[in-house]
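The values are calculated or read from the model by the stated rules, or taken from the named source; none is laboratory data. In this text the structure is predicted, and so the values were computed from the model without any measurement. Cβ coordinates were reconstructed from backbone atoms using ideal geometry, including for glycine residues, and neighbour counts include every protein chain displayed. SASA here: full protein model, heavy atoms, side chains in, ligands and nucleic acids out. Shrake-Rupley method; radii C 1.70, N 1.55, O 1.52, S 1.80 Å.
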Amino acid sequence: MKRIPLSFILAFARTVCGKQFVLSFAPQSPANSQALFARRVPSREAAISLEPLAARPQRPAETKLFAAGADKSDGVVVNRGLVRQTVLNQALLGWTIWTGGIGAQVLARDASFTPAAFLAGVAGVVPLIVMSRLIETSESAAVADLNLSTNLLMLRYFGDKPQPLVAFLVSAPIAALTGLVEETNFRGLLIPQLLQSTGGSLPTAVALSTLLFAVLHANPLSFFQGRESAQDALVLISYQILTGSVFAALLLLTGNLAVPVISHSLFDFYVFFFTHITVTTQIQYAANEASMPIAPRSIEAKWQAKRGEEFLIGCKETFYLSDTNRDGVLSREELRIALYSYGMRLSKADSAIVASAADTDRSGAIDFGEFLEYVGPSGSPSKAIKGSLLGTCDRG
């Protein structure tokens, strides 16, 4: 199963610990809106404050997470407005396909949807999925916001409960539509036009079409919203250059436009569907762990008596939302990636200091008892972390 990036997990933990969850993204340009389906869209607004865990007006079972526009009927949650926006954007981009124009002509001439093309498309998506997995599990600060925004976007589409059938039925056709439209335009139409404009230089035509594909998936306003937003936009553009290069290579290697169409569709489906599943099952796991009863005279009972039940539940949710491999402990890597969502970008050395301060039994990982003893005296993770880095860590 795909491992959910921890940068999302603590952002959601912030929700269940008492702050209103606002899914806000930077203004989208029309081109960027076309890419909302299954795209990693960085947003600095996704960073969540770390203070305080104790303030908590709702119990976990009472907490609802539905984005504006999400429709709920008999337990089914779909943000129809967002789905409609995605479909309309792609429909407009593919206008010449539906009207029998040049897009339809290119598909009829250059795309042959045969079993061999499908197998080639499946093979072509493998390196993209490998790349995606490396990004999802990376502790690099460069991709932290990229991962977070992807996961938040899936929550906007489907809410916080696992809905495999609904997610499949919605994501599959949108993925197919996106792959068909974008490959027809960026590879089928644009490369031949650029080939003529560049005097027959195929490498130049492919490079320019790939660069345009990448740039149109980013929000141009990001470059005017500060250094960090500009860095996020550059990360996204680099990511899209890699994916676009794979799609272009598939077209050149096979001579069949159907192959990149199939690979593109499968990759978008992977990001869309499996992100939903891993995000929501992680939330479910954390909720189940947080609801477990506590033993008398345990560390949990100690801190419940000192700081109250709401503080203890909040800590449980934070801890188990961070435990992405669900082994009951936090590694240094998990801790570091999770803190990105709180705007705390620790180096490997600093994250090692924090992990060492919390890992009192020197097992190499932080169990929940150690986490409570680490956070409890100060009342919040941020204060405890700052104390560790300043050499003033307190113990209760």
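In the context of the full set of protein chains, residues of the stretch 80-279 present 41 Å² of accessible surface per residue (probe radius 1.4 Å, heavy atoms only). Strictly over 23 Å apart at the Cα level, which of K302/K348; K161/K348; K306/K348; K306/K383 would you flag in this model? In this structure, K302/K348; K161/K348; K306/K348 lie more than 23 Å apart at Cα.
Positive-end ranking of A167, A120, N219 along the dipole of the stretch 80-279, with charges on Cβ about the Cα centre, is headed by A167. Residue order by solvent-accessible surface for E183, E309 is E309, E183, largest first, with ligands and nucleic acids left out and a 1.4 Å probe. Rolling a 1.4 Å probe across all protein chains gives H276 an accessible area of roughly 0 Å².
Put a dot 7 Å past the Cα of A295, heading toward its Cβ, do the same for R80, and the two dots end up 5.1 nm apart.
Taking all protein chains together, I237, I299 sort by accessible area into I299, I237, largest first [probe 1.4 Å].
Of L190, L195, the residue with the largest accessible area leads and the full order is L195, L190 (1.4 Å probe). Dipole magnitude for the stretch 80-279: computed about the Cα centre from +1 point charges on Lys and Arg Cβ and -1 point charges on Asp and Glu Cβ, it is near 360 debye. The simple Förster model, with R0 at 35 Å and r as the Cβ-Cβ distance, assigns L221 and R133 a FRET efficiency of 0.70. Full extension of the segment from E333 to T99, taken as 0.36 nm per residue of separation minus the current Cα-Cα distance, would add 79.1 nm. Full extension of the chain between A172 and N325 yields a length gain of 52.4 nm, computed as 0.36 nm times the residue separation minus the alpha carbon distance. Placing +1 on the Cβ of every Lys and Arg and -1 on the Cβ of every Asp and Glu, with no other charges, gives the stretch 197-324 a dipole of roughly 200 debye about its Cα centre. Remark: the V126-L165 segment gains 11.7 nm on full extension, using 0.36 nm per residue and subtracting the alpha carbon distance.
Couplings 3J(HN,Hα) for the stretch 380-386, derived from phi with the Karplus relation 6.51 cos²θ - 1.76 cosθ + 1.60 (θ = phi - 60°), are 7, x, 5, 5, 5, 5, 4 Hz, where x marks Gly and Pro.
Projected label points at S363 and R345, each 7 Å from Cα along the beta carbon direction, are separated by 3.3 nanometres. Each residue of the stretch 176-189 was assigned a 3J(HN,Hα) from its phi angle through the Karplus expression (A = 6.51, B = -1.76, C = 1.60, θ = phi - 60°), giving 4, 5, 5, x, 5, 5, 5, 6, 4, 6, 7, 9, x, 8 Hz with x at Gly and Pro. Here the spin labels are modelled as points 7 Å beyond Cα on the Cα-Cβ line, and at A142 and S197 they lie 2.9 nm apart. Ligands, DNA and RNA excluded, the heavy atoms of T318 present near 0 Å² of accessible surface to a 1.4 Å solvent probe.
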